[in-house]
Ligand code: ZN
């Protein structure tokens with residue numbers, strides 16, 4: 001039986017995820033401001049990471065950190081003072097980053113500032129105006145249709161846009177291999193669940209879990225507002241980012257739909273391969289999306305001067321679900337259970353990164369005799385042997401039991417690891433070629449190392 005590298009208490013993790021989703025969903029986040037800061041502080045209570053404040057006006061390549069945005073109140077009221085569109089009812093009613101405004105407007109004057117979704121008439125759209133000083137409100141199309149065209153409206157946008165800071169979080173988990181991987185997520189959307197509160201919650205639980213054990217590789221965790229936050233982070237850590245081997249941007253991880261994987265810009269990087277193998281080993285159906293310049297912060301990390309391959313494992317990918325960027329992307333749409341299912345995939349992919357390495361046989365000619373070293377296994381029952389012997393080359397050659405513990409023929413694993421121990425073929429490649437689980441190949445390699453039959457190559 002091969003034990004997983006990461007064995008969290010899944011029920012406790014699910015309860016934790018649920019609690020964080022509920023607590024943080026109501027906060028009004030943006031690319032700067034107190035909602036962002038409060039969110040990061042709450043997550044840093046789960047497992048510590050550093051908060052960094054980048055002052056407004058700081059130049060990050062071609063971008064500048066904007067003034068900090070905070071909201072006291074915002075509404076559109078009728079002549080009797082009754083609030084018809086109210087920030088307190090939903091923070092996405094206010095266009096994110098709206099500048100201050102106060103006035104009495106006719107319907108025709110107000111209408112250009114209103115945003116609705118005629119095709120999804122019960123949903124409030126989510127809109128932003130980060131880099132263009134303007135104000136606006138979002139409302140359901142049904143609400144919009146009920147507005148009196150002859151009336152006048154009292155509009156109050158009690159916001160502040162003033163020099164302050166952009167806040168991001170970071171943590172570095174040390175490793176021994178000299179290789180470092182990125183685990184990034186963005187945090188800037190207000191009360192929207194799958195995109196994007198699910199990402200920061202998964203990111204935090206992943207950080208907490210990876211921190212529980214020594215790791216072979218280093219992992220650089222970054223949580224920042226999308227685009228401008230990633231640019232600020234890269235600007236302050238350019239040499240470290242340039243040295244990254246690869247990584248992930250975790251986002252949209254808790255929807256009810258299919259798992260997805262957005263490829264790195266290379267498409268066949270180790271990152272892509274460990275994810276594909278993870279899905280293959282579990283026999284999980286998923287949608288693979290080619291790399292696209294539309295998306296998230298992978299574009300920043302993969303730009304010409306950096307070229308870090310960054311992929312995304314998701315569940316109901318952004319752009320793909322009808323509730324994307326609307327008030328219907330809420331806590332009813334997602335679940336902590338879905339989030340933890342996706343977290344499991346990230347952990348399994350990272351386990352593969354940890355276990356992937358090359359070995360060299362110390363008996364390259366003349367196969368070593370396993371029996372005299374106590375390595376010839378007492379092979380398992382008929383089911384395993386049948387699975388092993390009936391699988392075609394490269395197909396799955398193991399059983400997935402209820403606990404997702406993977407196993408195949410132990411003798412097969414030992415023989416394949418020895419066979420490919422040429423110092424150049426990594427365990428990832430052996431797993432891809434043979435259909436044996438990478439975890440089991442790793443365990444076989446450990447036994448062969450202990451038996452003096454292999455040496456590890458490189459880091
Ligand atoms: Zn988004």
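Here, each number is a calculation from the coordinates, and none is a lab measurement. Because the structure is predicted, anything quoted here is derived from the model rather than measured. For neighbour counting, all protein chains shown are included, and Cβ atoms are generated from backbone atoms with ideal geometry for every residue, glycine included.
A compact table of results
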quantity	calculated
Inter-centroid distance (Cα atoms) of region 6-35 relative to region 338-359, Å	21
Prolate/oblate/rounded label for region 280-363 (Cα gyration tensor, a/c 1.5)	oblate
FRET efficiency estimate (nearest 0.05) - Cβ-Cβ, residue 449 to residue 332, R0 56 angstrom	0.65
Per principal axis, descending, Cα span of region 238-302 in whole Å	38, 22, 18
Computed helical MRE - 222 nm, the chain, DSSP H runs ≥ 4 contributing -39500 (n - 2.57), nearest 500	-9000 deg cm²/dmol
Overall dimensions of the chain by Cα: Rg and Dmax, Å	25.7, 94
Value of D in µm² per second that Stokes-Einstein yields for region 68-160, Kirkwood Rh from Cα pairs, at 25 °C (0.890 mPa s)	187
Debye log10 I(q)/I(0) for region 14-65, one point scatterer per Cα, at q = 0.23, 0.32 Å⁻¹	-0.92, -1.23
Whether region 175-256 is rounded, prolate or oblate, judged on the alpha carbon gyration tensor where a/c under 1.5 counts as rounded	oblate
Fraction of antiparallel bridges per DSSP, region 68-160 only, in percent to nearest 5	85
Global size of region 313-357 as Cα Rg and Dmax, reported in angstrom	14.0, 46
Cα convex hull of region 102-234 - mean projected area over all directions, nm²	11.0
The chain: relative contact order as a whole-number percent, Cα under 8 Å and 6+ apart	16
Cα gyration tensor shape of region 208-362, rounded if a/c is under 1.5, else prolate or oblate by comparing a/b with b/c	oblate
Percent antiparallel among DSSP beta bridges (both partners in the chain, rounded to 5)	70
